[in-house]
Every structure is written in C-alpha cells, then in structure tokens.
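The values are calculated or read from the model by the stated rules, or taken from the named source; none is laboratory data. What you see is a predicted model, and the numbers here were worked out from it, not measured in a lab. Virtual Cβ from ideal backbone geometry, glycine too; neighbours counted across all protein chains shown. With ligands, DNA and RNA removed, areas are computed over all heavy atoms of the protein, side chains included. Shrake-Rupley method; radii C 1.70, N 1.55, O 1.52, S 1.80 Å.
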Amino acid sequence: MKIWTGALLAGALTALPLSAEPVEDTLILNEDITLVTRTAAPDHLSDVMDEVISGWHFRGTETRAMQADDFDNPGMIFVEQAEEVWNTVDGSEGKSCASCHEGSETMAGVRPVYPKYNEAAGEVRTLEMQINDCRENRMGAEKWKYTGGDMVNMTALLASVSRGMPVNVAIDGPAQSTWEAGKELYYTRTGQLELACSNCHEDNYGNMIRADHLSQGQINGFPVYRLKNTKLNAAHARFKGCIRDTRAETYSPGSPEFIALELYVASRGNGLSVEGPSIRN
Amino acid sequence: MERTFLAILALTASTFSGAAEEIAPTAVVYVDGSVETSLTGTAGDPAMGREIAGNKSLGNCVACHEVTDLADVPFHGEIGPMLDGAGDRWTEAELRGIVANAKIMFEDSMMPSFYKTEGFIRPGNAYTGEAADDTFGPLLTAQQIEDVVAYLATLKE
C-alpha cells in the first residue's frame, strides 16, 4: 500500500508507470512452453524472501512480448550463429562440439546445474570454463575470451535448449565453500557508494531507482540481450557493470570472485526456469 | 591527526577573522550523527543546493528520494524517504550529519556517504571500474554539502 501510494505520487510528479510492482503476467514461449517466472524462494533464502521473481516481470509489455516469441527475440540470431559453430570443426583434433555431443539439443539440462563442482578438476566451474576446457583439451582449439562474442553466443545456445527447465545448482557438498564465498560477496558493500548486491536486489526490488525498476537481479535469463547495447551480455559482464556502478574497483569476468558470485546468485534463482537468451533493458 | 589539529586551529582563528578553513572529511565531528559546525564557515546557497540535489552527476538525491519541489527534474526514485518537509523534521546540524555520512545516525542506511574518504572496500576511480588513485575525494565538496543542507532546510510542509 505504501509502495503504491509512493508510486502514485511519483507518477503524478514524473509520469512514471502507476505501479512499480512486478507485472502480473505469464511467460509462454512460442505459444508452447509455460516458463516458471515466479516461484517459492529456495530454502536458503527463506529468512529474507518468500518468492523469487524473474527479471522478466520487471520489464515493459513490449520487452516481455519480444522474449515470448523466438522470431521476435534478437538473442536467437546469436543462438543460430552458435548452432553453426557447434557443428564446425575447429582445432588440432579435427572435432566440432557435435563430434562428441551430437545435436545441441542433447545439452538440455546442462545450463540449469551450472556453475557446478568438477570432481576431476577439484573446483567449481562455470559453463564458460567447461566450454573452454572442451576447446583446449578435447578439440585442441584456442580458448575463447571469457565474455567474448563466440563464448556468449555458445552459452546462449546452451541456455536456449534448456529453456523451461528449472535452475538447480548444488550449494552443498564440495560446492559449499565457493557458495559461501559468493554469498559473502553478495552482501559486501563495495565502492565509494558502499552498495552491496543486496541493497538493491534484496531490500529494494520493485522500487524505482531514478528511471530504473529494480529487479531481484536473477540470472536465470542470462545471457541477456539488452536493448541498451543491442547485444548478448554475459552474467559476469553484468556483475562487472554493477560493481563499477558502486564506484568500486571491479573484479574481472572469470575471476574466482565472480565464479563464486555466479554460483550464489544462480542459487537464489533455484526453481525459476532457464530463460536465456532473455530480453531486458 | 595533524590535519585535525590544523582544522581546530583554523576554526579557532575563524571566530576572530570570520574566514574559516574547510573541515576535511576525516576531521568532521559527529555527535549522535549530527554535525553542529559548518564545514566551510560560508553559509550554504539553497539555489545551488537545489541544483546539486537534482543533478545526476552531482548529488543525484532524486535517484532515491522524491522531492515535490524538484518536480521539473524527471524520474524520482523511491528507495529513501520523501524529502518534502525535511526542513521541519531535522535541524540543520542533523541534516549536515545525514548528508555528510548518514550511516552514523542510521547504521544500516543504504545512503552513500557524501563527505567521506576512508574506510571503503575496493574504492574505485569514479565509474571507470579501475582502482582509486590519488585524485580520490569525497562525493561532494564541503561547500556543496553546505549548499544541499541549506536547500533541504527550505523544504517545509
């Protein structure tokens, strides 16, 4: 009620939308698959929130519609490009991704569980790390830049074949210490503005910060096609942008800090459908 | 330490000369979160303060607060309390303390500390994402703080 009154006042003052609440709507992909965009918060969040909500609910009508149809989703152009790469031989071993994995659709179910602890390597790995491991050690090909075009396109392809499946990263067992490190970072107030992820995305989601509608900062929709820069954006690139905006010295994409943060933030969306490539502002 | 001492000296001198020296961010004295003494000894300019409060690259107060008086500035946030009537609710000393470093009065406040230069985690060089260098200074100057305080004091219901 308080928020509603506030929004009314803001609306009167500045012609903002009348409500800053997440929009009531259902995301049906290609008139076929209904995605879970709101669901009960995972147990580890029960003391801070009841419900987890996809960033899709915080965007405008047109943006939401654009994501619902693959022909309208500009992110799918990059998925198609990655599909070509998937089937193209590269490197000294004469292999493509398809040589081992067959069609890209066989990768359904991979995106939802990453970042994931890799037993042989003894570390938590992101999807990007696993892709580069394949390239270097299976294909004998060059590593891709962590947030470069080839890489983000390939993660978009791998996300797209898992759309509709629930995010389900493991936070216990050997992943736990990394998860704890990510949680620590999530609540650390960085930079001259002393802002933690939680200040905006836990304490103030649904509120307006100037012209921006704060979401829960969920990453189930990554990589994200942003209307702002008209390209696909990796989660680590977004983390970097957010931390930069606290007037802080950022961490680098692919750094241990961002790997840990990705695992933690992904775990806050356990139960939401994979949406990537999604569309956001 | 030496700077504090100099600031005190300067203040003492100002009571005689009328020309105070600026109080450094590290030398500001907070009592229950309030700051009694002007940071510059020069009265704040409310018109200038109004500009700073609405300007995205200065105070940007409206990013988080609604202010009816600033209705000509588009897009007000709703993170912090509305500032209408701030001049009734708070004394000048309280306003100065809140603008300079709100976290002293309100421990967990999300509000950035506008007159503070120490104690940050990974401070950066403005919005570059790079580490801070020796140009690092407070978000607002001492006089800008005084101007904003003077403006907030005019916001009466």
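Odds and ends about this structure:
- Accessible surface buried upon A-B contact (total; probe 1.4 Å; Å², nearest 100): 3100
- Computed from the C-beta positions of A:Glu24 and B:Asp72, the FRET efficiency with R₀ = 30 Å rounds to 0.35.
- Under 16 Å from the Cα of A:Lys143 - aspartates and glutamates, other chains or at least 8 residues apart: A:Asp90, A:Glu93, A:Glu128, A:Asp133
- For the protein assembly as shown, carbon and sulfur atoms together expose 53% of the accessible surface, with a 1.4 angstrom probe and every protein chain in place.
- Solvent exposure ordering (accessible area, 1.4 Å, most first) of A:Phe239, B:Phe106: B:Phe106, A:Phe239
- Cα-based helix-to-principal-axis angle, A:2-14 vs chain A, degrees rounded to 10: 90
- Shielded by partner chains, the range A:217-244 residues - at least 40 Å² of accessible area, 1.4 Å probe, vs chain alone: A:Arg244
- Kirkwood hydrodynamic radius of the range A:233-281, from inverse mean 1/r over distinct Cα pairs, in Å: 11.8
- Percent RCO, i.e. relative contact order, over the range A:24-154, from Cα pairs under 8 Å lying at least 6 residues apart: 18
- In this structure the amide hydrogen of A:Leu195, modeled in the peptide plane, comes within under 5 Å of the amide hydrogens of A:Thr190, none closer than 5 places in sequence on its chain.
- Take the Cα of A:Thr63, step 7 Å toward its Cβ, do the same at A:Thr39, and the gap between the two points is 2.3 nm.
- Reduction of at least 30 Å² in accessible surface, 1.4 Å probe, comparing all protein chains with the chain by itself, residues of the range B:77-117: B:Glu78, B:Ile79, B:Lys103, B:Met110, B:Pro112
- Under the simplified labelling scheme, the A:Ser177-B:Met105 pair shows an inter-label distance of 4.5 nm, with each label point 7 Å from Cα along Cα→Cβ.
- Above-threshold pairs, the threshold being 22 Å between Cα atoms, out of A:Lys116/A:Lys231; A:Lys231/B:Lys56; A:Lys145/A:Lys240: A:Lys116/A:Lys231; A:Lys231/B:Lys56
- GNM top mover of B:Ala47, B:Ala132, B:Ala27 - chain B, alpha-carbon springs below 10 Å: B:Ala132
- When chain B is treated as a GNM with alpha-carbon contacts under 10 Å, the residue of B:Ile98, B:Ile52, B:Ile79 showing the greatest mean-square fluctuation is B:Ile79.
- Under Karplus coefficients 6.51, -1.76 and 1.60, residue-wise ³J(HN,Hα) of the range A:183-197 in Hz, glycine/proline x: 5, 4, 5, 4, 9, 8, 8, 9, x, 5, 8, 6, 10, 9, 3
- Reported value for the range B:102-157: 119 Å³ per residue, from the convex hull of its C-alpha atoms.
- Distance between the modelled labels on A:Ser46 and A:Glu84, one decimal in nanometres: 5.0 nm (7 Å Cα→Cβ projection).
- Reach of B:Lys103 by Cα under 16 Å, taken over lysines that are not fewer than 8 positions away in the same chain: B:Lys116
- Qualifying aspartates and glutamates (Cα of each under 16 Å from Cα of B:Lys156; at least 8 residues distant if same chain): B:Glu66, B:Asp69, B:Asp84, B:Asp88, B:Glu92, B:Glu94
- Under-5 Å amide H pairs with A:Asn118, H placed in peptide plane, nonlocal only: A:Glu123, A:Val124, A:Arg125
- Among A:Gly103, A:Gly269, A:Gly164, residue whose mean-square fluctuation peaks in a GNM of chain A (springs only between Cα atoms under 10 Å): A:Gly103
- Protein heavy-atom accessible surface, 1.4 Å probe, per residue over the range A:152-281: 32 Å².
- Across the range B:26-157, the convex hull enclosing all Cα atoms gives 114 Å³ per residue.
- Averaged over the residues of A:186-196, the number of partner chain Cβ atoms lying within 10 Å of the residue Cβ comes to 6.
- Long-range HN-HN contacts of A:Asp90 with modeled amide H, under 5 Å: A:Lys95, A:Ser96
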